[in-house]
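Okay, so here's the structure we're looking at.
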Amino acid sequence: MGAAMKFGVVIFPGSNCDHDCYYAVQSVIGKPVEFIWHQDTSLKGFDAVILPGGFSYGDYLRTGALAKFSPVMQSVKEFANKGGLVIGICNGFQILTESGLLPGALMRNVTRQYICKFLKISTETTNSPFTNQAQKGQILSIPIGHGDGNYFADPETLKRLNAEDRVAFRYHGENPNGSLESIAGILNEGRNVLGMMPHPDRSSEQILGSTDGKLIFESMVNALAGAGR
Amino acid sequence: MKATVIVTLKPTVLDPQGMTIQRSVKSMGLPEVADVRQGKYFDVNLADGVSPDRGKEIVQKLAKDVLTNPVIEEFRIVWEPR
């Protein structure tokens with residue numbers, strides 16, 4: 001057994017789900033967690049990094065486009081390339097695609113509306129550090145809150161994502177934003193980086209309406225424990 | 001040196017905002033507007049003394065690496081005549 005596993009939550013200017021993520025890890029999952037300022041450049045001691053939802057840099061230029069120039073992102077890239085667990089939720093997903101850590105792009109919702117509501121997603125793979133505690137095909141009740149969640153990728157990238165079992169979640173039933181193939185979350189090639197538009201941080205306690213999001217944090221804990229953390 | 005960078009969605013990418021504008025314009029009585037594509041426009045001024053070659057290199061890099069998301073967008077640069 002290694003040192004106690006530690007989560008980090010990055011705060012960009014304009015992040016607004018940073019405290020939700022911190023709370024979910026600390027109070028619901030019961031694991032050590034610290035905030036990481038966007039100007040920090042060291043991720044030493046962290047086992048998992050969360051890029052939270054919000055409106056980093058006011059969504060100026062494109063959602064997530066300016067956050068990729070934050071000093072911390074160079075460290076997040078190195079951390080991810082070394083196999084560290086990185087989860088980007090909502091704006092965090094947008095930052096991961098803009099940074100090139102995940103393929104594709106999140107475009108304006110096809111309805112042009114900002115959508116904030118609970119919906120259902122299906123777990124498409126359990127072969128990842130983020131979904132190992134779920135069942136394949138398991139339907140999760142989880143909220144979204146975004147104006148730019150319309151996943152787009154060229155046909156070749158889509159084909160590859162499917163062939164490599166890298167679609168983590170799809171919207172079940174209704175596709176709220178026009179995402180190609182109803183994609184709600186994807187993994188990188190190494191399976192240690194996940195981006196998802198729905199919010200597990202807003203669905204980890206019954207008082208919020210669902211505890212299904214907890215499965216994602218519990219999967220991460222399980223993966224880290226298995227790796228001796 | 002001054003350049004204008006125009007960023008547009010690739011022709012193969014759906015533009016919900018442009019489509020909404022086109023539909024709205026139709027209902028205001030301009031059915032002749034067949035298609036609208038929305039884009040972005042950036043005025044870029046370079047510091048005095050930058051050579052034309054270096055200037056072109058800088059604006060090209062800015063447009064490619066910052067102003068455009070190559071997955072969905074493309075750009076063109078218009079240089080202001082001096």
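Coordinate-derived values only; no laboratory data. On a predicted model such as this, the values are computed, not experimentally measured, just so you know. Neighbour counts run over all protein chains shown; Cβ positions are idealised from the backbone, glycine included.
A few comments on the model shown:
- Of the GluC sites (Glu not before Pro) found in the stretch A:145-229, those that fall in a DSSP loop while having at most 15 other beta-carbon atoms within 10 Å are A:E164, A:E174, A:E189.
- Three semi-axes of the equivalent ellipsoid, chain A, Cα gyration tensor, whole Å, largest first: 23, 20, 18
- Each helix, a run of at least 4 DSSP H residues, gives -39500 (n - 2.57); summed and divided by the residues of the protein assembly as shown, these come to -6500 deg cm²/dmol at 222 nm.
- Taking chain B and dividing mean pair separation by its residue count, relative contact order in percent (alpha carbons under 8 Å, at least six apart): 52 percent
- Rg and Dmax, both from the Cα atoms of the stretch B:2-43 and both in Å, are 12.5, 39.
- Legend: distances between Cα atoms for A:K31/B:K64; A:K68/A:K120; A:K82/A:K136; A:K68/B:K26; A:K214/B:K64; A:K159/B:K61; pairs beyond 32 Å are A:K31/B:K64; A:K68/B:K26; A:K214/B:K64.
- Each of A:I115, A:I87 was scored by other Cβ atoms within 10 Å of its Cβ. Listed from fewest to most, they are A:I115, A:I87.
- Principal-axis tilt of helix B:52-62 within chain B, Cα atoms, nearest 10 degrees: 40 degrees
- Of the trypsin sites (Lys or Arg not before Pro) in the stretch A:8-100, the ones in a loop by DSSP (not H, G, I, E or B) with at most 14 other beta carbons within 10 Å are A:K44, A:K82.
- Exposure rule at most 16 other beta-carbon atoms within 10 Å, DSSP loop chymotrypsin sites (Phe, Trp or Tyr not before Pro): chain A longest free segment: A:115-229
- For the stretch A:147-197: relative contact order, % (alpha-carbon pairs under 8 angstrom, 6 or more apart): 37 percent
- For the stretch B:2-79, radius of gyration divided by Kirkwood radius, i.e. Rg to Rh on alpha-carbons: 1.13
- With Cα atoms, 0 to 90° folded angle of helix B:16-27 axis to chain B main axis: 50 degrees
- Which of A:I186, B:I72 has the fewest Cβ neighbours within 10 Å, and the rest in rising order: B:I72, A:I186
- Loop sites in chain B: GluC sites (Glu not before Pro), DSSP, at most 15 other Cβ within 10 Å: B:E32
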